[in-house]
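Data first, discussion second: the structure below is written as structure tokens.
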Amino acid sequence: MENFKQKLHNISCFVFDVDGVLTDGSLILLQTGEQARTMNIRDGYALQLAVKKGYRIVIISGGKSEAVKTRLNGLGIEDVFLGIEDKISTLKNVISKNNLVTENILYMGDDLPDIAPMKLCGIASCPADAATEIKEISIYVSDKKGGEGCVRDVIEQTMRLHGKWGY
């Protein structure tokens, strides 16, 4: 845990998966064929606050929901990449385009497609209910499940450490 807290000092960018991290991984199947998701309002608060305080937030997801994109854009997040099959390439492009340093990135994922990009970042983290393989490579496993505050958990810890949590 001490290693995790020390590494948090370097974090200026958060990368999150959507399904299983920002959501609980459930889908509500509507008559129209649309697949609806629910997101935690406190995660949303932490995301928009992080953006306002100068942190870069990047979303990389295999899902393609326009509602998800609309919600995240509404929180001030511009780097929303949906329908991504190769997350590592997308992350490398974001890093290169924005001159980011991998040690300054915290990545939170929950399942197998997140393994490669998580290994590239300074901190690999996951929700409490992530896949076993993800937990094994994570420096930090939140005590919160996906869609139940795990995103706020890592953002709040980082911002408190930096003295940026709050109004």
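The values are calculated or read from the model by the stated rules, or taken from the named source; none is laboratory data. All of these numbers come straight from a predicted model, not from anything done at the bench. FYI the Cβ positions are ideal-geometry reconstructions off the backbone, even for glycines, and counts take in every protein chain you see.
Remark: Leu82 falls outside the filter, which requires a residue to be of a type in the set (A, V, I, L, M), under 16 Å from Ile155 (Cβ atoms) and either at pLDDT 95 or above or touching a helix residue (DSSP H, G or I) at 6+ places or on another chain (Cβ under 7 Å) (or both).
Test Asn99 against the stated conditions and say whether it is farther than 21 Å from Asn10 by Cα and either in contact with a strand residue (DSSP E or B) (Cβ under 9 Å, 6 or more places away or on another chain) or in a loop (DSSP other than H, G, I, E, B) (or both). It is false that Asn99 is farther than 21 Å from Asn10 by Cα and either in contact with a strand residue (DSSP E or B) (Cβ under 9 Å, 6 or more places away or on another chain) or in a loop (DSSP other than H, G, I, E, B) (or both). Of note, Arg71 does not satisfy the criterion of being crowded, with 17+ Cβ neighbours inside 10 Å, among the basic types (Lys, Arg), closer than 18 Å to Gly122 by Cα and modelled with pLDDT of 95 or more. Within the stretch 85-137, the set of residues being closer than 21 Å to Lys7 by Cβ, over 13 Å from the mean Cα position of the chain (by Cα) and of a type in the set (Ser, Thr, Tyr) comprises Thr102 only.
Mind telling me which of the residues Gly166, Gly76 ends up being touching a residue at least 24 places away in the same chain (Cβ under 8 Å), more than 24 Å from Ser26 (Cβ to Cβ) and assigned to a loop (DSSP other than H, G, I, E, B)? Just a single option satisfies the conditions, and that option is Gly76. Kindly check whether there is at least one residue in the stretch 55-72 that is more than 21 Å from Ala36 (Cα to Cα) and not aliphatic (A, V, I, L, M). Yes, that holds for at least one residue. For the stretch 111-163, a residue qualifies if it is surrounded by fewer than 23 Cβ atoms within 10 Å (Cβ to Cβ), of a type in the set (A, V, I, L, M) and in a helix (DSSP H, G or I), and the qualifying residues are Leu112, Ile115, Ala116, Leu120, Ile137, Met159, Leu161.
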